[in-house]
1. Give, in whole angstrom and from largest to smallest, the semi-axes √(5λ) of the equivalent ellipsoid of the range 184-249, with λ running over the eigenvalues of the Cα gyration tensor.
2. So what's the net charge close to PHE101: Lys and Arg +1, Asp and Glu -1, counting the other residues with Cβ under 14 Å from its Cβ?
3. Highest mean first, what order results for 44-51, 119-126 on Cβ atoms within 10 Å?
4. Roughly how many nanometres apart are two label points built 7 Å out from the Cα toward the Cβ at THR212 and ALA243?
5. How much net charge surrounds PHE35 when only other residues with a Cβ under 11 Å from its Cβ are counted (Lys, Arg +1; Asp, Glu -1)?
Amino acid sequence: MGAAMIRRILLSLAALALLVPGAAMAERVRDLGQFQGVRSNQLTGYGIVVGLPGTGDDNLEYLTQAMKGVSGRMGLTLPAGVAPGLKNAAAVMVTADLPAFAKPGQRIDVTVSTIGKAKSLRGGALIMTPLYGADGQIYAMAQGNLAVGGLSAGGKDGSHITVNIPTVGRIADGGSVERAVATGFDSAPVLRWNLFNADFLTAARVRDAINTRLPGTASVEDGVTLALHLPLDPNTRASVMAAIEMIQVDPAETAARVIVNSRTGTVVINSAVRLSPAAISHGKLTVRVDEDPTVVQPAPFSRGRTAVEQNSTISTDEEKRSVAMFRGGASLSKVVDALNMLGVTPSDLVAILEALKQAGALKAEMVVI
């Protein structure tokens, strides 16, 4: 048997595999959603990075005020009306994520980013900065030396080079938690579990799977939320929650969607997309205009002038493409095969899908991002 024949057989088997509907893949409950309140919280703060080798901000008003405030807390009063030289300091925003159940004294990572004209944070140290939550309360304090992955260098002739991003740094374990966030885990009589994506069928399947394992525990509140009646004892509740998270569930098939990225031309079609009976013909008409100007010289000793004579040639070329025809209910694999036969580009594919949608043949939601 020749290599060409083997290759055709393998391609045929691969095409048949695409046409066979795949079995639903069971997923863990913890991969489909999460318990309400058991999540991280964003923290942010405004601080000063010092110790920079002349790459900081230059007498910015808000940086000057911040430095005066820092100096005042340390008992040092700067002269009134004098703007200190701050090329070795930079005003920064400090951000961090406060994990669920974080307790006072635990350490978290923080990210430091410039908000002014500082060129680099390499070699700098963050002065103690309070980190605030959405409620305006202080939940952590940040301080430490920055680790910066980028660098920036310049020459006296104005040449400049920058590698990565030197204006953003990170402090591993640079934040200390000062306040815990109440989650209701140990006091709420009913815990709620939320799906990542709203779906009534998936919510019902999760409820049935939980009640099969723990009868009478779960009830559906809406397409996202399940109410879980769990024991109040923290030890028992934690064990039950851990068992629930590991239960296997077959989620519902996702809704039919075609995702189009208008910036990159990327088109993604999920497996739920179906087509009604339709025929597709796609071709390109190319119009080409060639300009060949000619310089015309006057006769010797005449009163004529040199002139440019325009000479244009217009031609058209229309590619001939076959018509792709498929029956109703065509699957993703058949759609891809038909479009590949037409030899379409990503931009052409978007135009074809939009036309199918307008014709009512595309049974899917088109999302442009």
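Read-outs: derived from the displayed coordinates by stated rules, not from any lab. The structure displayed is predicted, hence computed values, not measured ones. Here the Cβ is made from the backbone with ideal geometry for all residues, glycine too, and neighbour counts use every protein chain on show.
1. On the way: eigenvalues 76, 34, 19 Å².
Those come to 19, 13, 10 Å.
2. Numbers: positive: ARG39, LYS103, ARG179, ARG237; negative: ASP97, ASP186.
My count for the surroundings of PHE101 gives +2.
3. On the way: 44-51: 19.0, 119-126: 21.4.
Those peptides, ordered most packed to least, come out 119-126, 44-51.
4. Inter-label distance under the simple model: 1.6 nm.
5. Values: positive: ARG30, ARG39, ARG192, ARG237; negative: GLU245.
Taking every Cβ under 11 Å from that of PHE35, the sum is +3.
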